[in-house]
Amino acid sequence: MTPLPDSLLEAVASAAVREGLVDAVFTRLRTPIGRLLVVQGENGIVRVGFEEEPEDHVLAEVAGHLGSRIVASDSELALTRDTLEAYFEGEGDPHALPVDLALVAAPFRRAVLEALHDDILAGQVVTYGALAERAGNPRAYRAAATACARNPIPIVVPCHRVLPSSGGIGRYGGGPERKRALLELEGSLPA
Amino acid sequence: MTTVVLPPFWSLVEAHGDELLAHARRLTGEQHAEDVVQDALLRALRAYPRLRHADHLRAWLYRVTTTAAIDAHRARRRELPTDDVPAVPTHDSYDEGAFEALIAPLPDGARTALRLRFVEDLDYEAVADRLDISAAAARQRVSSAVRTLRERLPA
């Protein structure tokens, strides 16, 4: 059977957005660290998925929080796409994009990710301990590490900029190779 | 109150979009099929949060597409210019073959009622006159035929 033409799908998604019928919009983006699934709600990006995460699972997770009216559209997320594409070409910081931490229930983990998103810009790095301190509890570095490990919005909320105080690159939800690639892109790969 | 967990809408579109387009082609012909599917998907999205269960979503999408095809067919009939009627009826505004194929499985009485209502575009009073029944019975016959069509699909 013929698949639906892209033009038809884009037309449906744009009309749905105009009519206020959608809970979230997603787009698929090719990048040097693999395909990303970016899901955005009314208040900002809620989820970024790496390519090994099953799309249905990622979208179902978002549906559980924002609602099931989820559509795909490249044109509705053009600004998000342009910003991320520029970032992967070495220009700018996706930090400028609004985020919505609706998928993060625990208040301290949310505070950690907010501090990370607001304060740690491209080119900077921070330790888990220092991040915990920024979030209001200097001793909660383990909880800060958990918050980073479960970050629903990697890259835009830059958990790749958090490094262990013991040295080295540390862990990363998307794998250490991706962390290394992102830090290299930002010119802050530790020696 | 039970919470219904519905799959992300676009997962349905990506899983069933191609067969809905094929279904729309059978109902309405190549020329209008994409418009019908576009309309059907928007209708489905409007109704989606009101669904009370997540069963039979594929069959539900087929029914929404069928309804959109019937409504589009009626709208096109209404758009036909009423003055300056051509001597030979022009058929390029709708596909009579597709409509007949759609209603073919129904009994004679139901087919006649649907043709009077949607092809000749008569109101229920006029349908009633032609069938020599009451207007209420005419409305009943048409709506029951449409319901039967919706229930039959997907074939």
**Asked** Across the stretch B:20-43, which residue is nearest to the chain's Cα centre (by Cα) among those that are facing another protein chain (nearest Cβ under 7 Å) and surrounded by 16 or more Cβ atoms within 10 Å (Cβ to Cβ)?
**Response** B:VAL37
**Failed condition for A:ARG81, given (1) out of contact with any helix residue (DSSP H, G or I) (no Cβ under 9 Å at 6 or more places or on another chain); (2) within 14 Å of chain B (Cβ to nearest Cβ); (3) over 17 Å from A:ASN151 (Cβ atoms)** = (2)
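Tell me the residue from A:TYR141, A:TYR87 that is aromatic (Phe, Trp, Tyr) and not assigned by TED's automatic domain parsing to the domain that holds A:VAL17, please.
So the residue among A:TYR141, A:TYR87 that is aromatic (Phe, Trp, Tyr) and not assigned by TED's automatic domain parsing to the domain that holds A:VAL17 is A:TYR141.
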**Prompt:** Which one of A:VAL25, A:VAL48, A:VAL38, A:VAL62 is touching a strand residue (DSSP E or B) at 6+ places or on another chain (Cβ under 6 Å), buried (at least 20 other Cβ atoms within 10 Å of the Cβ) and more than 14 Å from every other protein chain (Cβ to nearest Cβ)?
**Reply:** A:VAL48
**Message:** Checking B:ARG46 against (1) within 22 Å of A:GLY20 (Cβ to Cβ); (2) facing chain A (nearest Cβ under 10 Å); (3) surrounded by 15 or more Cβ atoms within 10 Å (Cβ to Cβ), only one condition comes out false. Which one?
**Reply:** (3)
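The values are calculated or read from the model by the stated rules, or taken from the named source; none is laboratory data. Keep in mind that what you see is a predicted model, and the values were worked out from it rather than measured. Quick reminder, even Gly has a Cβ in these numbers, built from the backbone with ideal geometry, and neighbours come from all protein chains shown.
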